[in-house]
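Please read the structure below before turning to the comments.
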Amino acid sequence: MRLEFSGIGKQFGARWALRDVSLVLPPFQSLAIIGPSGGGKTTLLRILAGLETPDAGRLRIEDQWVDYAEEALLLHRRSIGTVFQAYNLFLHLSARDNVLLPLLRVHGFPVAQAQETVDALFKRFQLLPHADRRPAELSGGQQQRVAIARAIAIRPRFLVFDEPTSALDPEMTAEVLDLIAELRMEGRDLIIVTHNMVFAREVSDQCLFVAEGKVIEHGQSSELFRHPQNPLLVNFLAKVLRY
Ligand SMILES: Nc1ncnc2c1ncn2[C@@H]1O[C@H](COP(=O)(O)OP(=O)(O)OP(=O)(O)O)[C@@H](O)[C@H]1O
Ligand SMILES: [Mg+2]
């Protein structure tokens, strides 16, 4: 996919979370966003997903500049699959209904097609035995698989992940990361905010290093991790790769 940021800024109160981000990315299939806490990664991802409106600048996805008029933004938002750290499942609904109801009520799928979609995804993600349980009765890894199933079910233009494994133990982390790597293998477009540098390097073609509200460095992932240029990135990698 193709992305262009043109003077993007986002302000919370007096503070700019993002400042004048301008960048034309080379076409990619998988983009990793890395950087220190508070740097602006989530804000950038939420702008990409249409969950946040920039206070300055604009954003082009493929050939289209995102339109922030209410109706257009809603359609934009619905066309993207989002997976967050905290799963964001509806706690009072079963795993199955968490995926099924949005398809029926928000995305207008016919009932039979929605059910087929859910069955196929639950089978694929080994969720069938857990389909009738509520989120509280599922492990973190299972909940995140439900969240990923929900994101894929809508046939999104692309998927965004915000630290999808930071609430998981190592084994479940590996399970969810395998799943994301698999989605990449089947050709889906992905944008992933992650603190897992090995994963970022392995699954992304392009990488953005975001800090202090700016894209400090970007490039092909293999290159960026091997030869970081900016001292902020050099220090960041030295720190996070130490253990
Ligand atoms: N809704 C909000 N209201 C006020 N300030 C916010 C809000 N969201 C983000 N910020 C501020 O904007 C800055 C960027 O936050 P953001 O969540 O994008 O960082 P991040 O890179 O995702 O950090 P982390 O790695 O900790 O998730 C931070 O200073 C944060 O406190
Ligand atoms: Mg964040």
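The values are calculated or read from the model by the stated rules, or taken from the named source; none is laboratory data. Keep in mind that this is a model prediction, so the values were computed, not measured. Quick reminder, even Gly has a Cβ in these numbers, built from the backbone with ideal geometry, and neighbours come from all protein chains shown.
Looking for something surrounded by fewer than 17 Cβ atoms within 10 Å (Cβ to Cβ) and outside the structural domain of LEU138 (by TED's automatic domain parsing) - is there at least one such residue anywhere in the stretch 31-41?
Yes, because at least one residue in the stretch 31-41 is surrounded by fewer than 17 Cβ atoms within 10 Å (Cβ to Cβ) and outside the structural domain of LEU138 (by TED's automatic domain parsing).
Would you mind stating whether LEU237 is in contact (Cβ under 8 Å) with a residue 12 or more places away in the chain and buried (at least 20 other Cβ atoms within 10 Å of the Cβ)?
no
Go through (1) without any contact (Cβ under 8 Å) to a residue 60 or more places away in the chain; (2) touching a Ser or Thr at 6+ places or on another chain (Cβ under 8 Å); (3) surrounded by fewer than 21 Cβ atoms within 10 Å (Cβ to Cβ) one by one and return the number of the condition GLN85 breaks.
Here GLN85 clears every test but (1).
With the structure loaded, tell me whether LEU190 is hydrophobic (A, V, I, L, M, F, W, C), touching a residue at least 24 places away in the same chain (Cβ under 8 Å) and within 16 Å of ligand 2 (Cβ to nearest atom) or whether it fails that test.
no
Exactly one condition in (1) within 16 Å of ligand 1 (Cβ to nearest atom); (2) part of a helix (DSSP H, G or I); (3) of a type outside the set (Lys, Arg) is not met by GLY50; state its number.
Every condition holds for GLY50 apart from (2).
Which residue, of ASP63, ASP67, ASP55, is more than 16 Å from ligand 2 (Cβ to nearest atom) and either more than 21 Å from ARG2 (Cβ to Cβ) or in contact with a Phe, Trp or Tyr (Cβ under 6 Å, 6 or more places away or on another chain) (or both)?
Result: ASP55 is the single residue among ASP63, ASP67, ASP55 that is more than 16 Å from ligand 2 (Cβ to nearest atom) and either more than 21 Å from ARG2 (Cβ to Cβ) or in contact with a Phe, Trp or Tyr (Cβ under 6 Å, 6 or more places away or on another chain) (or both).
Has the stretch 200-208 got at least one residue that is surrounded by fewer than 18 Cβ atoms within 10 Å (Cβ to Cβ), within 25 Å of PRO54 (Cα to Cα), within 14 Å of the chain's Cα centre (by Cα) and not β-branched (Val, Ile, Thr)?
So far as the stretch 200-208 goes, no, none of its residues is surrounded by fewer than 18 Cβ atoms within 10 Å (Cβ to Cβ), within 25 Å of PRO54 (Cα to Cα), within 14 Å of the chain's Cα centre (by Cα) and not β-branched (Val, Ile, Thr).
Restricting to the stretch 111-130, and then to whatever is in a helix (DSSP H, G or I) and crowded, with 17+ Cβ neighbours inside 10 Å, can you tell me which residue is nearest to the chain's Cα centre (by Cα)?
Filtering first and then ranking leaves LEU121.
Every residue, every condition in (1) closer than 25 Å to HIS76 by Cα; (2) in the same structural domain as LEU51 (by TED's automatic domain parsing); (3) assigned to a helix (DSSP H, G or I), yes or no:
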{"position": "GLN142", "(1), (2), (3)": "no, no, yes"}
{"position": "ARG145", "(1), (2), (3)": "yes, no, yes"}
{"position": "ARG150", "(1), (2), (3)": "yes, no, yes"}
{"position": "SER166", "(1), (2), (3)": "no, yes, no"}
{"position": "GLU171", "(1), (2), (3)": "no, yes, yes"}
{"position": "ALA174", "(1), (2), (3)": "no, yes, yes"}
{"position": "LEU177", "(1), (2), (3)": "no, yes, yes"}
{"position": "ILE180", "(1), (2), (3)": "yes, yes, yes"}
{"position": "ARG184", "(1), (2), (3)": "yes, yes, yes"}
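Here are some residues: ARG105, ARG133, ARG96. Which one is without any contact (Cβ under 8 Å) to a residue 60 or more places away in the chain, in contact with a helix residue (DSSP H, G or I) (Cβ under 8 Å, 6 or more places away or on another chain) and assigned to a helix (DSSP H, G or I)?
ARG96
Filter the stretch 159-187 for residues that are under 15 Å from GLN143 (Cα atoms), more than 16 Å from ligand 2 (Cβ to nearest atom) and out of contact with any Gly (no Cβ under 7 Å at 6 or more places or on another chain) and give the result.
ASP169, GLU171, THR173, ALA174, LEU177, LEU179, ILE180
Inspect the stretch 157-165 for any residue being farther than 18 Å from ILE34 by Cβ and more than 16 Å from ligand 1 (Cβ to nearest atom) and give the result as yes or no.
Checked against the condition, which is being farther than 18 Å from ILE34 by Cβ and more than 16 Å from ligand 1 (Cβ to nearest atom), the stretch 157-165 yields at least one hit.
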